[in-house]
Amino acid sequence: MNYEKFFAEQISDLQDEGNYRVFADLERKAGNFPQASNYRDSGVEEVTVWCSNDYLGMGQNEEVMAAMHEALDKCGAGAGGTRNISGTNHYHVLLEEELANLHKTEAALIFTSGYVANFTALSTLGSKMPGMLVISDELNHNSMIEGIRLGRSDKTVFKHNDLEDLERILKEQPLDRPKMIAFESVYSMDGDIAPIKEICDLADKYNAMTYIDEVHAVGLYGEHGAGVAEREGLMDRLTVIQGTMAKGFGVVGGYIAGTKAMCDFIRSFGQGFIFSTSIPPAVAAGCRASIQYVAKHNEIRVKHQANAKMLREKLDAAGIPHIENPSHIVPVMVGDPVLCKQASDMLMEQFNHYVQPINYPTVPKGTERLRFTPSPFHTEEMMDELVSCLSKVWETLSLQKAAAQ
Ligand SMILES: *Cc1c(COP(=O)(O)O)cnc(C)c1O
């Protein structure tokens, strides 16, 4: 085999489909969120970032940065080992306590990322529980799908957020068979929210565990930012709550929260936990400061939701089509990978607004979109500017408009 030729051909296929990914080369500016410098062939330009998952700008929060500086100076750069072999720093212990406190659970366990948390927890539950059946929402994130796959237990997929389909599957199973319903709260691409209470009711009725990914909700929903389950008073009904510290909390790292025995089980058997160096102490300190800050400042969640609403209204007024949903995510539909990339390129190159085109495999082909995530720091002026530029792009590329409202 000509290896080089093979790689090049695969890439050229992607390019022909319009699905080849080009990363924006950014330098974020602490204290100036959501602005960043964008390095291009033609030079460096200042851009407004509209697609960050640092939903609340916590990555530049002064208390978070101060906590990281302090821990960095105190403990140095790295953790120095896996959790078992010298890599459990006191900041990790404090962070796990903070997370358990946030979710009102007995315990929590941190991982190097939300991806690793899902991958490890789900594969461990699937492989170490005899007879396990994992029942997985069809739109679950790749980290869940791959964790379930690695667990090699029986698995079945239910239609997205469809309680009838879920019950049909549960009903067929013996009551005493170990089962786990795996789902998300906020689905990040369409911005819809799962019927958590009803799923928990079914789990109780059919004796199943529940595993919820609250990655796009922690920091953002609930009185203290513990997620949609907190907002709806359901945290005590979930077996495993999984989250990230990379999005609403603005740093990096993943976790699960639940009972002491469940967390201890994953700690003891989860290979992605056991065999990987723990996160730097300064990162753990930053995560903890962020969780504490966000818990105390409900007003940033209020502003966050208000800004998402404002952007939707401005898009409606301009006839730019977007998916209605009950969350902070504003998906503007294009429906074609090439046009979607062109729209994104025009916004960036001509107008200095950055929104990444979202294409396959992140979303199904034909549903390519621009996914906007306005933060509490995006001003009305920025939104007006953006929508006026979007209108020009829609005109130039003859993209489909919605009826103006
Ligand atoms: C981003 C994401 C993850 C992974 O979290 P990271 O901390 O970024 O690794 C897990 N689940 C969902 C739904 C996500 O969108």
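Only Cα pairs within less than 10 Å get springs; with that Gaussian network setup on the chain, which residue of E232, E214, E98 has the largest fluctuation? Result for the chain, Cα springs under 10 Å: E232 fluctuates most.
Here is the size of the stretch 222-284 from its Cα atoms: Rg then Dmax, 13.3, 36 Å. In the chain, how does Rg compare with the Kirkwood Rh, expressed as the Rg/Rh ratio over alpha carbon atoms? Ratio of gyration radius to Kirkwood radius for the chain: 0.97. Across the stretch 135-292, the relative contact order, built from alpha-carbon pairs under 8 Å that are at least six residues apart, equals 15 percent. 3J(HN,Hα) along the stretch 261-270: 5, 5, 5, 5, 4, 5, 4, 8, 10, x Hz, from the Karplus curve 6.51 cos²θ - 1.76 cosθ + 1.60 with θ = phi - 60°, whole Hz, x for Gly and Pro. Highest GNM mean-square fluctuation among D213, D345, D201, for the chain modelled with Cα contacts below 10 Å: D201.
For the chain, the longest principal axis of the alpha carbon atoms and the long axis of helix 114-128 meet at an angle near 30°. For the chain, a Gaussian network of Cα nodes joined below 10 Å ranks F372, F273, F265 by mean-square fluctuation, and the top entry is F265. Within the same chain, aspartates and glutamates fewer than 8 places from K197 are excluded, and of the rest, those with a Cα less than 17 Å from its Cα are D137, D162, E164, D165, E167, E184, D213, E214, E230, E232, D236. Protein heavy-atom accessible surface, 1.4 Å probe, per residue over the chain: 45 Å². Restricting the calculation to Cα atoms, the stretch 130-266 yields a radius of gyration followed by a Dmax of 14.2, 43 Å. Working from Cα pairs under 8 Å separated by at least six residues, relative contact order for the chain is 21 percent. On the chain, 52 percent of the accessible area sits on carbon and sulfur atoms, based on a 1.4 Å probe.
Residue-normalised convex hull volume from the C-alpha trace of the stretch 60-296: 105 Å³ per residue.
Among the trypsin sites (Lys or Arg not before Pro) found in the stretch 293-398, those both in a DSSP coil and sparsely packed, with 14 or fewer other Cβ atoms within 10 Å of their Cβ, are K365. Summing charges over neighbours of M144, with a neighbour being any other residue whose Cβ is under 14 Å away from its Cβ, gives -4 when K and R count +1 and D and E count -1. Of the trypsin sites (Lys or Arg not before Pro) found in the stretch 1-105, those in coil by DSSP whose Cβ has at most 11 other Cβ atoms within 10 Å are R21.
Near the amide H of F158, within less than 5 Å, lie the amide hydrogens of S136, D137, E138, all on another chain or at least 5 residues away, with H placed in the peptide plane.
Greater than 22 Å separation of Cα atoms is the criterion. Which listed pairs, K104/K159; K309/K341; K159/K179; K179/K205; K155/K260, meet it? Listed pairs above 22 Å: K104/K159; K309/K341; K155/K260.
In plain terms, the bigger the Kirkwood radius, the slower the diffusion; for the stretch 229-374, with that radius from Cα pairs, at 25 °C and 0.890 mPa s, Stokes-Einstein puts D at 132 µm²/s.
Can you pull a Stokes-Einstein diffusion coefficient for the stretch 74-130 at 4 °C (1.567 mPa s), Rh from Kirkwood over Cα pairs, as a whole number of µm²/s? D, rounded to a whole number, is 100 µm²/s. Axis of helix 298-318 versus longest Cα principal axis of the chain: the two differ by about 40°, to the nearest ten degrees.
For the chain, the longest principal axis of the Cα atoms and the long axis of helix 90-103 meet at an angle of about 80 degrees.
The values are calculated or read from the model by the stated rules, or taken from the named source; none is laboratory data. Owing to the predicted nature of the structure, the values given are computational and were not obtained by experimental measurement. All Cβ positions, glycine included, derive from the backbone under ideal geometry; neighbour counts span all protein chains shown. Surface accessibility is based on the protein's heavy atoms, side chains included, excluding ligands, DNA and RNA. Shrake-Rupley method; radii C 1.70, N 1.55, O 1.52, S 1.80 Å.
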